[in-house]
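Take a look at the structure below.
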Amino acid sequence: MNQTKGFIALISTAAILGTFGVLIRELAKTFSDPGQVFARSFFALLIIVGIVLFKKINPLKIGKKNLKYIVAFSIVFPLSILCFTISVNAIKVTNSLFMLYVGSLISTAFLGRIFFKETFSAQHIIALVLVLIGLGFFVYPFSIESLTVGLVLGLLAGILEGSSHTLRKLMKDVKREVVVFYQSLSGVILAAVLLFFSGEVFIKEFHVSAIFVALLFGALLVAIGYFLVYGFSNFNVNWGTIILATELFFAIVVNALILKEYPTFYELIGGLLIFAGTAITTLKFDDELIKLLKQRFNLK
């Protein structure tokens with residue numbers, strides 16, 4: 001594994017994801033929720049089909065072993081995107097991201113242990129604790145009355161996203177172009193089905209700029225599709241999810257600059273803690289310190 005390149009791929013993904021809240025809001029001016037999922041997935045599909053044809057790759061050649069993973073991924077990934085899209089349009093972007101990563105960290109902790117026998121090192125514990133504390137700052141003070149549909153859907157999106165990360169790692173021997181192809185195709189199919197059965201309009205009010213935003217969104221989806229497959233093939237699922245949590249830090253900056261949604265004091269502290277937790281994943285700890293921490297927390 002090339003952990004340095006894997007880290008760069010995942011941190012780049014986090015930076016791109018940090019812009020998605022703004023892009024979703026912009027697309028919401030023109031498209032319905034399933035409509036914008038269809039639009040951006042459609043452009044992503046066009047781009048990846050062009051790449052597949054240029055490289056002469058047959059996306060149907062995936063092998064029996066990976067067929068079940070492709071089917072599961074094609075269901076889980078678009079559902080995660082849809083839940084997050086509805087959540088962002090219902091509540092504040094940073095709160096949606098908070099719930100997304102709570103769900104993602106929980107699911108990858110369990111799935112990484114089940115499928116890859118991943119253990120929690122002392123360094124991992126410190127990083128995870130910092131990230132979880134940082135996430136806690138985003139919803140402080142929390143009350144049961146603040147539990148809305150937007151928050152629930154954000155949590156569900158995170159659980160589904162963590163599952164899709166696990167499936168990407170399970171499909172490590174599948175070409176990245178093939179994974180991105182099914183990622184885009186499944187988004188188009190799900191959105192089309194939801195549009196048909198929900199009775200929602202595809203376009204609420206046409207804006208030419210929305211076409212360019214959807215095209216940009218599609219290109220970014222293809223890019224992160226590549227980054228995620230490569231990143232998780234060089235990191236375990238738990239570490240990778242912690243790195244992706246820096247999306248919140250990037251989102252704070254982007255949302256403040258563009259949406260004028262300025263972070264509260266607690267959100268700012270939370271973002272810095274998450275960034276610090278991610279930075280720990282790149283550090284080399286002293287052997288004696290690691291030994292002491294392992295003895296303290298009874299870690300292997």
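The values are calculated or read from the model by the stated rules, or taken from the named source; none is laboratory data. Remember, it's a predicted structure, so these values are computed and weren't measured experimentally. Heads up, the Cβs are rebuilt from the backbone with ideal geometry, glycines too, and the neighbour counts pull from every protein chain shown.
What the table shows:
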read-out	value
Filtered residue count, region 107-137, keeping only those that are without any contact (Cβ under 8 Å) to a residue 24 or more places away in the chain and either part of a helix (DSSP H, G or I) or hydrophobic (A, V, I, L, M, F, W, C) (or both)	3
Residue match in region 5-16 (condition: farther than 28 Å from F235 by Cα, polar (S, T, N, Q) and assigned to a helix (DSSP H, G or I))	no
Scope region 162-216; condition touching a strand residue (DSSP E or B) at 6+ places or on another chain (Cβ under 8 Å) and not in a helix (DSSP H, G or I); matching residues	F202, I203, K204
Region 21-35 residues that are on the phi < 0 side of the Ramachandran plot, paired with ones that are of a type in the set (S, T, N, Q) and modelled with pLDDT of 85 or more (beta carbon under 6 Å, 6 or more apart)	L27/Q36
Residue within region 50-61 that is of a type outside the set (S, T, N, Q), closer than 20 Å to G270 by Cβ, in a helix (DSSP H, G or I) and out of contact with any Pro (no Cβ under 7 Å at 6 or more places or on another chain) present	no
Condition met for A276 (in a helix (DSSP H, G or I), surrounded by fewer than 23 Cβ atoms within 10 Å (Cβ to Cβ) and in contact with a Leu (Cβ under 7 Å, 6 or more places away or on another chain))	yes
Subset of region 196-215 [within 22 Å of I16 (Cβ to Cβ) and either surrounded by 16 or more Cβ atoms within 10 Å (Cβ to Cβ) or acidic (D, E) (or both)]	A210, V213, A214, L215
Candidate set: region 86-95, residues that are in a helix (DSSP H, G or I) and among the aliphatic types (A, V, I, L, M); chosen: the one modelled with the highest pLDDT	I86
Test: V193 is buried (at least 20 other Cβ atoms within 10 Å of the Cβ) and among the aliphatic types (A, V, I, L, M)	no
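Table: residues versus (1) more than 24 Å from L132 (Cα to Cα); (2) at pLDDT 90 or above; (3) surrounded by fewer than 23 Cβ atoms within 10 Å (Cβ to Cβ).
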site	(1), (2), (3)
Q36	yes, no, no
V49	yes, yes, yes
F54	yes, yes, yes
F73	yes, yes, no
P78	yes, no, no
F84	no, no, no
L97	no, no, no
